[in-house]
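Quick notes on the structure that follows.
The values are calculated or read from the model by the stated rules, or taken from the named source; none is laboratory data. Here the structure is a predicted model, which is why all the values come from computation and not from measurement. Here Cβ is always computed from backbone atoms with ideal geometry, including for glycine, and neighbour counts include all displayed protein chains.
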Amino acid sequence: MSNNQLDAQKSDNWGAAIAQRTHDDGSATIIAPFVKTLSNTIKGLNLRDQARKEKPMIVADIAHYLCVAHGKHPGIIEHAMSKIVEDCSREWLVKAADGFTRERIYLTELTVAAGPITRAIGQDETDMLVVNQSKHYKMLASSDRKGCPIGSAAAFIIDWYHIRQLMDVIAVQLDTAIPSNTLPTISETEKMVSEYAISENISRAINFGADQMLSQQRAFWNLIKARSTSRNMD
């Protein structure tokens with residue numbers, strides 16, 4: 001097989017590789033217990049007393065801090081748009097930006113319905129960590145390294161599908177309407193990434209942007225998890 005054929009094969013598989021990495025290393029595993037616990041209450045399964053008390057606090061934490069991290073404009077997609085000029089990604093970026101505008105409205109509605117978070121020891125530090133994370137998101141999405149912004153944006157959109165599952169479960173808990181998801185599909189995202197990954201250097205930068213974005217997402221959910229664990233230990 002020629003080098004050109006090998007390069008084409010790598011490019012064809014690159015989007016799928018990013019999607020798989022996002023599934024394995026992003027939010028999905030960390031938020032799965034939240035999805036399970038909240039879904040069980042919807043199904044009418046009984047929870048122990050502590051879990052019943054914890055549920056509204058978890059819901060408020062998730063809604064509030066997601067809104068702090070991703071509810072402001074401009075966000076990851078808009079910052080990426082300011083750095084990406086390639087035609088192969090423009091349609092995807094426009095769809096992502098339009099779709100996430102609706103997601104921000106959804107986040108705001110969930111935050112209002114969930115009510116205020118419960119103050120805890122170290123609250124100010126937690127708030128500052130989430131605010132600082134927003135700066136890291138911006139830095140990744142607006143990087144001058146070609147490929148890094150699209151990698152971070154693509155990983156974020158794919159990861160959001162897992163987060164959206166949790167948001168929808170919360171919406172049912174709060175009796176809030178669930179809007180249609182108009183973000184680019186995962187398959188559309190895979191296709192766009194593969195078309196963008198035209199060289200080894202760009203592919204490496206895409207990989208770096210995706211990995212760093214997923215690291216920030218895991219850190220975010222670990223904060224939410226730590227707040228819940230701390231309350232259960234009190």
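Observations on the structure shown:
- Within the range 88-129, being farther than 19 Å from Thr182 by Cα and of a type in the set (D, E, K, R) holds for Arg119, Asp124, Glu125, Asp127.
- Enumeration of residues in the range 70-87 that are outside any loop (DSSP other than H, G, I, E, B) and within 23 Å of Ile178 (Cα to Cα): His70, Ile76, Ile77
- The residues listed here are Asp168, Asp159; of these, the one that is within 17 Å of Ser27 (Cα to Cα), surrounded by 20 or more Cβ atoms within 10 Å (Cβ to Cβ), modelled with pLDDT of 95 or more and among the charged types (D, E, K, R) is Asp159.
- The number of residues in the range 111-137 that are within 17 Å of Gly75 (Cα to Cα) and crowded, with 17+ Cβ neighbours inside 10 Å comes to 4.
- Looking only at the range 115-127, residues that are outside any loop (DSSP other than H, G, I, E, B) and in contact (Cβ under 8 Å) with a residue 24 or more places away in the chain come to 2 in all.
- Qualifying residue in the range 183-197 (condition: assigned to a helix (DSSP H, G or I), farther than 25 Å from Gly99 by Cβ and more than 17 Å from the chain's Cα centre (by Cα)): no
- Restricting the range 208-226 to residues that are at pLDDT 95 or above and more than 13 Å from the chain's Cα centre (by Cα), the residue that is farthest from Ser39 (Cα to Cα): Phe208
- Residue, modelled with the highest pLDDT, within the range 175-194, restricted to residues that are more than 22 Å from Ile77 (Cβ to Cβ) and surrounded by fewer than 18 Cβ atoms within 10 Å (Cβ to Cβ): Ala177
- Any hit, the range 143-153, residues being modelled with pLDDT of 95 or more, in contact with a Pro (Cβ under 8 Å, 6 or more places away or on another chain) and under 20 Å from Ser203 (Cα atoms): yes
- Residue match in the range 137-153 (condition: closer than 17 Å to Asn222 by Cα, of a type outside the set (Asp, Glu) and under 18 Å from the mean Cα position of the chain (by Cα)): yes
- Any pair with Cβ under 7 angstrom, 6 or more apart, that starts in the range 96-114 at a residue that is in contact (Cβ under 8 Å) with a residue 40 or more places away in the chain and assigned to a helix (DSSP H, G or I) and ends at one that is surrounded by 15 or more Cβ atoms within 10 Å (Cβ to Cβ) and polar (S, T, N, Q): Glu109/Thr176; Leu110/Thr176; Ala113/Thr176
- Condition check for Ser230: in contact (Cβ under 8 Å) with a residue 60 or more places away in the chain and either buried (at least 22 other Cβ atoms within 10 Å of the Cβ) or not in a helix (DSSP H, G or I) (or both): no
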